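Participant: One structure, as structure tokens, below. Some questions next.
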Amino acid sequence: MGTAALSEQKKMLTLPTDSVRAVQWRFSDRFDLQMLVQSARGVARGIVARLVASGERNTHEWTPLKNEMMDAFDRAGLTAVFMEPEEGGFIAGPKNLALALTAFELAWVDGGAATASLAGFLALSPIHERGTAEQARHYMSLAAPPQPGENRKPWRGAFALTEPIPYVGVDTGMLSGKLRVAKWNEGKEPLLQVDKRGRFITNIAFANFVTAAVISDDPRIKGSCVVILEEGDEGSFDHGTPTKKLVHQLSSTGDPIFNLLVPASRIVGGYTLKDGVIVPKYSHSEIIEAVFRRTRVTVGLMTAAKLLSAVEPVIRYQRERFRGAEGARPGSLRYEQGIQQREDALHRLVDVWACGEAASSLGFAAARLFDELDPMEKQKTALLARRGVSGGRAELKALRGSELRAIEMIGLREGNARRDELAADPLVQFVLKDAEVNVLCPATKLWNTGHGANVMREAVSLMGGYGITEDCPGFLASKWMDAQLEATYEGPEAVQRRQLTVTMTNDVFLAQFRAWTTELRSIAAQHPETGACTLASAMQMWQWTLKHLQKATDAHFGKLYHGQRQGVTFPMADALCWLLASRCQILDVLELEARGASDQAMAESLPGTVQFMSDLCHVHAATAAGEVGRICAELVFGYNAHPAWDEGKCQSCFTAGELEELEETMPGISAMATDVIDTFGTHPQKAGPCAGCGGANDFLQLQSKLSRCLSGSRLAKDRAADTVSKVMIPETLDYPA
């Protein structure tokens, strides 16, 4: 495909279909996932949409109507997505992509509904990831929907991590929930006393069980752990008062209080006894790490769904804006196009659409990666256990050799015998996937919800005053508000940035990142319309800047790249997220072009869809490059002191007399002089001589190259805008306003 103006045959005529999405997001060969999408969509655009339209978001209480939504989840099989077939589920193996697709479809209509569905899985996740086999079998089976012929209600769960104000959200390592030994008869299982007060706990209004993070308040118990609490336990299981949220009102949130006696067998993952002390197998932080590194992705996709769901309502509003006015008669441009007569409205909508595509691509890539990683992680644990290696630090030490082999493999060409040998090593494969997922997971959560919330505000603004009304089509105002909460779920932006500052400097990841940059250059040679060249140049600039910052100091000789120097590390994390999202978006379009042709249903419309999606890639790559260029330039030059008008800093300044003499032998040199001091010592009215590049000539060359690589990006935006102005949409939304 060239970058010339499009012919009519290459226009995208309709919004992307389910077939397009299935190919892009790699589930076109998974009939079970396609049926899951349809089931989740039926619930979302049925009962969930009716609840929102009827005003159920206007109450903090958990109402009978909201509870019907949970029953609808059961009937549609959504509650069973998390379980294995033997536990009452219908999908065997890793389910990260399945959960991501479910959350995406529900959040397309309402974020609270998606949260209500996901929160039950979050409660089960500590048990699933780190629980004993008996714990997993027991609670998964209880939480699964009833099978035909069964007369029971499924258990609902909640995850109680956070503590009451003033501790809420300060640090997941700070716990006020206490665990003590209440009774320990010789030869009997210990009975534990749990005192826990929660804050902002989702699903608590109807929870039958809770997985709660607690810390020892007894010398006979070591450290912290997660413990399972049941509503029927001896003591007080107080569901608490509802949180007065402004958002996500279709999910139950409250502040529970627990004062319960539970057997020690409820410690997630079990325990051992050492010198009369109960030693939990896993600390609460180890369990949280295993849980959140997966569930953060689905939250990021909830915001991505909002962005893409805004496209159709905005197009409809813009085209119909002037209908009914005396000067807008059917058939006229004003009647048919409305606000879309103007380039600004179209360009702004293209930006929203491009962001939604990139956010979705990033999130689904991370979900698929976890599906690949999960079996590898189990295999890794088993292999190391056979070698007598167990525990976090011991495993990290044992994997260092595999990391070196992984870096070696990345540097070898395809078809190399040594590369094939290394690729067959399961520990090398694990290290590669783990390094990548450790970056993509926090990046999805940070960029999708943080930047996504800002772009959602732009989407609302495109609806004019209609955007902030209760009857706004697509519930855009509610979605904009919901996005603010999603940005704080499972750790606000600072938590994700902190994780990225550690994981993005991993040697294995950086080797992968360099390989991706080279790969994008190759893609640019075959698909220049995607903006891959622009993105590769931006990635090259980011790599150079990171290396520079790791060695450089500021004007006061302070180290720049340091864990506590968040004014440096956090912006670099932000810049990386832009690059990762754009890369995933480009790869999805290439997948669509490569595999879409085999689908006869989309064969005719494929060229136009691919061209439009490529233009969105180019638009977003240019925006990403602009953000990366700005951030990197600020960090490279911003910590240098500006020169002052003193003798030391004026050595490179010309005097007026010197310029006159030089002009005789080198005509035109005066035009190149930036700072000239006249015969009386007077200098230009500014802070000091122009700052030098401080050894960063390489950066300036990269900056110049990146600017030139933006060629064609605005032409792509024009083409995309033209397509948006002509694309056909359904006559009405398929869920109520």
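The values are calculated or read from the model by the stated rules, or taken from the named source; none is laboratory data. Since we're looking at a predicted model, the values are computed, not measured. Virtual Cβ from ideal backbone geometry, glycine too; neighbours counted across all protein chains shown. Only protein heavy atoms, including side chains, enter the accessible area calculation; ligands, DNA and RNA are left aside. Shrake-Rupley method; radii C 1.70, N 1.55, O 1.52, S 1.80 Å.
Participant: Which members of segment 50-79 meet the condition of being among the small types (Gly, Ala, Ser), surrounded by fewer than 22 Cβ atoms within 10 Å (Cβ to Cβ) and at negative phi? Step through it out loud before you land on a result.
Facilitator: Initial filter on segment 50-79 (among the small types (Gly, Ala, Ser)): 53-55, 72, 76-77.
Subsequent filtering for residues that are surrounded by fewer than 22 Cβ atoms within 10 Å (Cβ to Cβ) retains 53-55, 72, 77.
Passing the criteria: ALA53, SER54, ALA72.
The rows are residues; the columns are (1) basic (Lys, Arg); (2) over 25 Å from ALA22 (Cβ atoms); (3) touching a residue at least 12 places away in the same chain (Cβ under 8 Å); (4) touching a Lys or Arg at 6+ places or on another chain (Cβ under 6 Å).
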| position | (1), (2), (3), (4) |
| --- | --- |
| LYS66 | yes, yes, yes, no |
| MET69 | no, yes, yes, no |
| ARG75 | yes, no, yes, no |
| GLU84 | no, no, yes, no |
| ILE91 | no, no, yes, no |
| LEU99 | no, no, yes, no |
| ALA119 | no, yes, yes, no |
| LEU124 | no, yes, yes, no |
| ALA133 | no, yes, no, no |
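Participant: Then there is this: Only residues that are open to solvent by 20 Å² or more (accessible area, probe 1.4 Å), of a type outside the set (Val, Ile, Thr) and under 29 Å from the mean Cα position of the chain (by Cα): list them for segment 718-736, please.
Facilitator: ASP718, ARG719, LEU733, ASP734, PRO736
Participant: Quick one: ILE278 ticks every box in (1) closer than 30 Å to PRO190 by Cα; (2) touching a Leu at 6+ places or on another chain (Cβ under 6 Å) bar one, so which box is it?
Facilitator: (2)
Participant: Can you confirm whether ASP344 is at pLDDT 95 or above, in a helix (DSSP H, G or I) and surrounded by fewer than 20 Cβ atoms within 10 Å (Cβ to Cβ)?
Facilitator: yes
Participant: Are there any pairs with C-beta distances below 9 angstrom linking a residue in segment 137-152 that is outside any helix (DSSP H, G or I) to a residue that is surrounded by 11 or more Cβ atoms within 10 Å (Cβ to Cβ) and polar (S, T, N, Q), with the two at least 6 apart or on different chains, and if so which?
Facilitator: ALA144/THR79; PRO145/THR79
Participant: Name the pairs whose Cβ atoms lie under 7 Å apart, with the first residue in segment 416-442 and over 19 Å from THR381 (Cβ atoms), the second open to solvent by 10 Å² or more (accessible area, probe 1.4 Å) and acidic (Asp, Glu), and 6 or more positions between them or separate chains?
Facilitator: Qualifying pairs under 7 Å: LEU422/GLU408.
Participant: Identify the residue in segment 474-494 that is aliphatic (A, V, I, L, M) and touching a residue at least 24 places away in the same chain (Cβ under 8 Å) and, among all such residues, is nearest to LEU308 (Cα to Cα).
Facilitator: Within segment 474-494, the match that is nearest to LEU308 (Cα to Cα) is LEU476.
Participant: When you scan segment 367-414, how many residues do you find that are closer than 13 Å to PHE430 by Cβ, among the small types (Gly, Ala, Ser) and surrounded by 14 or more Cβ atoms within 10 Å (Cβ to Cβ)?
Facilitator: Matching residues across segment 367-414 total 3.
Participant: Within segment 466-502, work out how many residues are more than 15 Å from the chain's Cα centre (by Cα) and not aromatic (Phe, Trp, Tyr). Steps first, answer last, please.
Facilitator: The initial filter retains those residues of segment 466-502 that are more than 15 Å from the chain's Cα centre (by Cα), namely 466-482, 501-502.
Next cut, not aromatic (Phe, Trp, Tyr) only: 467-474, 476-479, 481-482, 501-502.
Of the residues in that region, 16 qualify.
Participant: Only one of (1) farther than 18 Å from PHE121 by Cβ; (2) among the charged types (D, E, K, R); (3) in a helix (DSSP H, G or I) is not met by GLU105, so which one is it?
Facilitator: (1)
Participant: Still on this structure: Anything in segment 267-287 that is more than 37 Å from the chain's Cα centre (by Cα) and in a loop (DSSP other than H, G, I, E, B)? List them, or say none.
Facilitator: ASP275, GLY276
Participant: Consider VAL23 carefully, then state whether it is under 24 Å from the mean Cα position of the chain (by Cα), touching a residue at least 60 places away in the same chain (Cβ under 8 Å), in a helix (DSSP H, G or I) and more than 17 Å from ALA103 (Cβ to Cβ).
Facilitator: Yes: the conditions hold for VAL23.
Participant: Please go through segment 537-593 and pick out each residue that is out of contact with any His (no Cβ under 7 Å at 6 or more places or on another chain), touching a residue at least 40 places away in the same chain (Cβ under 8 Å) and small (Gly, Ala, Ser).
Facilitator: SER537, ALA538, ALA552, ALA555, GLY563, ALA573, ALA575, ALA581
Participant: Tell me, yes or no, whether segment 114-122 has at least one residue that is touching a His at 6+ places or on another chain (Cβ under 8 Å) and buried (at least 22 other Cβ atoms within 10 Å of the Cβ).
Facilitator: Yes, because at least one residue in segment 114-122 is touching a His at 6+ places or on another chain (Cβ under 8 Å) and buried (at least 22 other Cβ atoms within 10 Å of the Cβ).
Participant: Taking only pairs six or more apart or across chains, which ones have beta-carbon atoms under 6 Å, a first residue in segment 315-341 that is closer than 16 Å to GLY465 by Cα and open to solvent by 30 Å² or more (accessible area, probe 1.4 Å), and a second residue that is at pLDDT below 85 and among the polar types (S, T, N, Q)?
Facilitator: none
Participant: Find the residue count for segment 109-131, including only residues that are of a type in the set (Val, Ile, Thr) and either in contact with a strand residue (DSSP E or B) (Cβ under 9 Å, 6 or more places away or on another chain) or at pLDDT below 90 (or both).
Facilitator: Number satisfying all stated conditions: 2.
Participant: I'd like to check something: does segment 588-599 contain any residue that is among the basic types (Lys, Arg), buried (at least 17 other Cβ atoms within 10 Å of the Cβ) and either under 19 Å from ALA22 (Cα atoms) or touching a helix residue (DSSP H, G or I) at 6+ places or on another chain (Cβ under 7 Å) (or both)? Even if it seems obvious, please write down each step before you answer.
Facilitator: Of all residues in segment 588-599, those among the basic types (Lys, Arg) come to 595.
Okay, now just the ones that are also buried (at least 17 other Cβ atoms within 10 Å of the Cβ), so none.
No, because not a single residue in segment 588-599 is among the basic types (Lys, Arg), buried (at least 17 other Cβ atoms within 10 Å of the Cβ) and either under 19 Å from ALA22 (Cα atoms) or touching a helix residue (DSSP H, G or I) at 6+ places or on another chain (Cβ under 7 Å) (or both).
Participant: A follow-up question, please. Can you work out which of the residues in segment 184-230 that are assigned to a strand (DSSP E or B) and either free of Cβ contacts under 8 Å to residues at least 12 places away in the same chain or acidic (Asp, Glu) (or both) is nearest to PHE159 (Cα to Cα)?
Facilitator: The extreme case among them is GLU230.
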